[in-house]
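Colleague: Attaching a single structure in structure tokens format; questions to follow.
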């Protein structure tokens, strides 16, 4: 496991314990968050019934509640029932996520390629074992049919399966004897911290296009799921943790414009993957809390 | 979104520009307007089923959805069957068995989709199947848009120039395969396209002349598996590396090339010339 910088973790713990809502949520696993979201969507209870959960952040291997003051609701599109609230993460929280990814990079980069591949062998098995729960989460927060949701997950699973081949995929090249007693070898080295910004329309597939190949090649990651459909990504991350991803290798922040600009500007981040667009009229925007990034 | 729909790419362009200005690699998949070309010799029933699935699945909210059907010559005879099959789809919550068209993502998306349908009708398109103001029993608050077909669409219409991203299939008519290819290549996006035909020669001509990065032959949504990459092209991508597959390895790694000299006898001559490998 990579060394954990106390300076990264301690402020987060302080932040979380200082927050009034943290005591119940931070200690609960994302499984319970996901399960409660599904239960809420299926129940007929009025919307005023108890606490709609805030979607946690993932920083240095811990699921923590944001101290955000602004949130975006996650609705079931068939009913408008609010499933959860996506926080717009604070600058400190986003900074902590990037610091955590940066701190985890040297050790992860030097983890053998075989062991990096093994993480994804375990991960693909966990995705298969949790297919039903993930499909229900996708349907709840996105709206698509359950069969279609299974396809959404499966197309992402195929990328995870491919990541298991990273031992061959990341091979470099060699030419022996380019001159007297001289050989040339090339390596494909990871970049450092990479980031992904995902759209709403494939809650599982598009995030799975992004972080598995980045992490398999030896990078560490900061993922920003769509604020409209963050629950599936949280469960995907929880399963990656269960598969044994070291702390700090996978991090998740939430937000909109400020989060996107943070990822574009943070000097530690070397590469950004983005899928989406924002097909909203300017005149629509005032009706939304903030602009939702969507895959066109 | 402006009348040409280009502002749909604003987020990706912003990230590409701002990330790039900060020295980062960026890969950004943007918009798409995918056309399926149908030739007269295509198998009618399997083609119509493929078009309905690719046009209305996920309520059209896929960046590889078929949102435009280009019927060549006699293939326009397929329109009644297309309408009939689309009309038979069930609209409802994704958790209900047998539902074909789920809700669209937000109330704002529903408003936008319906506005673009109306713009198409006002511009002269016909609407043999109209899914506006759709109701689903028991779900009064859902973001419902029923299956919609706009026919007689032309490329100057606002509905054509925008990515509707809803359960709306736009039908265009042309006389020849060459015209169909010209129409697709004039569209600014190059995410995907498909042709339905039994002619190998026509399919080969299409696959070689059409300027889209993902082409299906009798396959409506040709999204490659990860031994390949997602290879949308032209206006559908900013950046030099594709998502997943070998493209993802290239994107997430940098080359380091090591040149090593291990002579058994030490070279002692001084040379001030630019080193060359000898």
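The values are calculated or read from the model by the stated rules, or taken from the named source; none is laboratory data. Values in this document were obtained by computation on a predicted structure and should not be read as measured data. Positions of Cβ are generated from backbone atoms using ideal geometry, with glycine treated the same way; all protein chains shown enter the neighbour counts.
Colleague: Given (1) at pLDDT 95 or above; (2) more than 28 Å from residue A:107 (Cβ to Cβ); (3) at the interface with another protein chain (Cβ under 8 Å from one of its Cβ atoms), where does residue A:175 come up short, assuming only one miss?
Modeller: Checking residue A:175 against (1) at pLDDT 95 or above; (2) more than 28 Å from residue A:107 (Cβ to Cβ); (3) at the interface with another protein chain (Cβ under 8 Å from one of its Cβ atoms), the one that fails is (3).
Colleague: If you don't mind, another one. Against the condition outside any helix (DSSP H, G or I), touching a helix residue (DSSP H, G or I) at 6+ places or on another chain (Cβ under 8 Å), farther than 24 Å from residue B:202 by Cβ and within 14 Å of chain A (Cβ to nearest Cβ), how does residue B:98 come out, does it pass?
Modeller: no
Colleague: Return the residue satisfying two criteria in turn: it lies in region A:186-239 and is without any contact (Cβ under 8 Å) to a residue 40 or more places away in the chain and more than 12 Å from the chain's Cα centre (by Cα), and of such residues it is farthest from residue B:247 (Cα to Cα).
Modeller: A:186
Colleague: Let me ask something else. Just one of the numbered conditions (1) closer than 20 Å to residue B:210 by Cα; (2) modelled with pLDDT of 95 or more; (3) surrounded by fewer than 23 Cβ atoms within 10 Å (Cβ to Cβ) is not true of residue B:35; which one?
Modeller: (3)
Colleague: Inside region A:1-116, counting only helices (runs of 4 or more DSSP H) that do not spill past its ends, which hold 1 or more residues that are at pLDDT 55 or above?
Modeller: Counting at least 1 such residues, we get A:30-42, A:91-109.
Colleague: Identify all residues within region A:162-182 that are surrounded by fewer than 19 Cβ atoms within 10 Å (Cβ to Cβ) and not in a strand (DSSP E or B); write none if there are none.
Modeller: Listed by number, the residues that qualify are A:165, A:167, A:168, A:171, A:172, A:173, A:180, A:181.
Colleague: Additional query: Can you tell me which residue within region A:69-89, out of those that are more than 18 Å from the chain's Cα centre (by Cα) and over 30 Å from residue B:136 (Cα atoms), is surrounded by the fewest Cβ atoms within 10 Å (Cβ to Cβ)?
Modeller: Ranking the qualifying residues of region A:69-89, first place goes to A:69.
Colleague: Here is a further query. Please find, within region A:126-144, the residue that is farthest from residue B:101 (Cα to Cα) out of those that are in a helix (DSSP H, G or I) and without any contact (Cβ under 8 Å) to a residue 60 or more places away in the chain.
Modeller: Looking at the filtered set, the residue picked out is A:129.
Colleague: For region B:103-112, check the following and say yes or no: at least one residue is more than 8 Å from chain A (Cβ to nearest Cβ) and in contact with a strand residue (DSSP E or B) (Cβ under 7 Å, 6 or more places away or on another chain).
Modeller: no
Colleague: Here is a follow-up. Taking region B:113-156 as the region of interest, how many residues are within 14 Å of chain A (Cβ to nearest Cβ), in a helix (DSSP H, G or I) and out of contact with any strand residue (DSSP E or B) (no Cβ under 7 Å at 6 or more places or on another chain)?
Modeller: Counting residues in region B:113-156 that are within 14 Å of chain A (Cβ to nearest Cβ), in a helix (DSSP H, G or I) and out of contact with any strand residue (DSSP E or B) (no Cβ under 7 Å at 6 or more places or on another chain) gives 5.
Colleague: Name the residue that is surrounded by the most Cβ atoms within 10 Å (Cβ to Cβ), counting only residues in region B:39-61 that are under 13 Å from the mean Cα position of the chain (by Cα) and more than 15 Å from residue B:222 (Cα to Cα).
Modeller: Filtering first and then ranking leaves B:61.
Colleague: Where residues in region B:223-278 are within 8 Å of another protein chain (Cβ to nearest Cβ) and in contact (Cβ under 8 Å) with a residue 60 or more places away in the chain, which of them is farthest from residue B:65 (Cα to Cα)?
Modeller: B:251
Colleague: Which pairs turn up if I take residues in region A:152-172 that are more than 9 Å from chain B (Cβ to nearest Cβ) and look for partners that are part of a loop (DSSP other than H, G, I, E, B) and buried (at least 20 other Cβ atoms within 10 Å of the Cβ) with beta carbon separation below 6 Å, at least 6 apart in sequence or on another chain?
Modeller: That search, which allows pairs on different chains as well, returns A:153/A:204; A:156/A:204.
Yes/no per residue for (1) farther than 15 Å from residue B:10 by Cα; (2) facing chain B (nearest Cβ under 8 Å); (3) at pLDDT 95 or above; (4) in a helix (DSSP H, G or I):
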site	(1), (2), (3), (4)
A:237	yes, no, yes, yes
A:247	yes, no, yes, no
A:261	no, yes, yes, yes
A:287	yes, yes, no, no
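Colleague: Which one of these is in contact with a strand residue (DSSP E or B) (Cβ under 7 Å, 6 or more places away or on another chain) and assigned to a helix (DSSP H, G or I): A:210, A:223?
Modeller: A:210
Colleague: Follow-up. Go through (1) facing another protein chain (nearest Cβ under 9 Å); (2) touching a helix residue (DSSP H, G or I) at 6+ places or on another chain (Cβ under 7 Å); (3) at pLDDT 95 or above and name the single condition residue A:252 misses.
Modeller: (1)
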